[in-house]
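The values are calculated or read from the model by the stated rules, or taken from the named source; none is laboratory data. Given the structure is predicted, the values throughout are model-derived calculations rather than measurements. A quick note on method: Cβ atoms are made from the backbone with ideal geometry, for glycine too, and the neighbour counts reach across all protein chains shown.
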Amino acid sequence: MTARYATPADFGRSLVQAWSLDSSSSWTAENPAKGQCSVTSLVAQDVFGGDILTTRTPGGTHFYNCIDGERFDFTISQFSAPISFDDIVSSREEAFRDTSPLQYSALRRQLGLTD
């Protein structure tokens, strides 16, 4: 874990300023979390370990994290209605299929994490 983000809450507070079109082509100023779930779950796992989880939503597969046995969905704000959570353990490979190395590197850079 990096000292920059001592807790998942610290990490979560930094995301809104870090998300951009560079980290997801779906990003908008009105909905900055939109399309950021896979890339965010990957970087959160880099920082805190734990598992990447998935659930099905009307828009497709949604990625989030389980850190120290607790669910953290850093991109839940992208949804206009509550979602149900399946908590299916996923993998980095599956999450990377929904993003790109460039988007991943961009989010890490914006969060002050070195590659």
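Can you name the residue in region 39-58 that is in contact (Cβ under 8 Å) with a residue 40 or more places away in the chain and part of a strand (DSSP E or B) and, of all such residues, is farthest from Glu93 (Cα to Cα)?
Looking at the filtered set, the residue picked out is Thr54.
Taking the condition touching a residue at least 24 places away in the same chain (Cβ under 8 Å), of a type in the set (A, V, I, L, M, F, W, C), surrounded by fewer than 19 Cβ atoms within 10 Å (Cβ to Cβ) and within 21 Å of Pro101 (Cα to Cα), does Phe11 pass?
When the stated conditions are applied, Phe11 does not pass them.
So Glu94 ticks every box in (1) over 13 Å from Val39 (Cα atoms); (2) part of a helix (DSSP H, G or I); (3) not aliphatic (A, V, I, L, M) but one. Which box is left unticked?
(1) is the only condition that Glu94 fails.
Among the listed residues Gly35, Gly60, which satisfies the condition of being on the phi > 0 side of the Ramachandran plot, of a type outside the set (Ser, Thr, Tyr) and surrounded by fewer than 13 Cβ atoms within 10 Å (Cβ to Cβ)?
Exactly one of Gly35, Gly60 is on the phi > 0 side of the Ramachandran plot, of a type outside the set (Ser, Thr, Tyr) and surrounded by fewer than 13 Cβ atoms within 10 Å (Cβ to Cβ), namely Gly60.
Among the residues that make up region 21-36, is at least one of them more than 23 Å from Arg56 (Cα to Cα), at pLDDT 95 or above and outside any loop (DSSP other than H, G, I, E, B)?
Scanning region 21-36 turns up no residue that is more than 23 Å from Arg56 (Cα to Cα), at pLDDT 95 or above and outside any loop (DSSP other than H, G, I, E, B).
I need a count of the residues in region 59-91 that are of a type outside the set (S, T, N, Q) and in a loop (DSSP other than H, G, I, E, B).
12
Within region 38-52, track down each residue that is under 19 Å from Ser24 (Cα atoms) and either in contact with a Phe, Trp or Tyr (Cβ under 8 Å, 6 or more places away or on another chain) or of a type in the set (Ser, Thr, Tyr) (or both).
Ser38, Val39, Thr40, Ser41, Leu42, Val43, Ala44, Ile52
Within region 40-57, take every residue that is buried (at least 18 other Cβ atoms within 10 Å of the Cβ) and out of contact with any strand residue (DSSP E or B) (no Cβ under 8 Å at 6 or more places or on another chain) and give me the one that is nearest to Leu15 (Cα to Cα).
Checked region 40-57; the qualifying residue nearest to Leu15 (Cα to Cα) is Val43.
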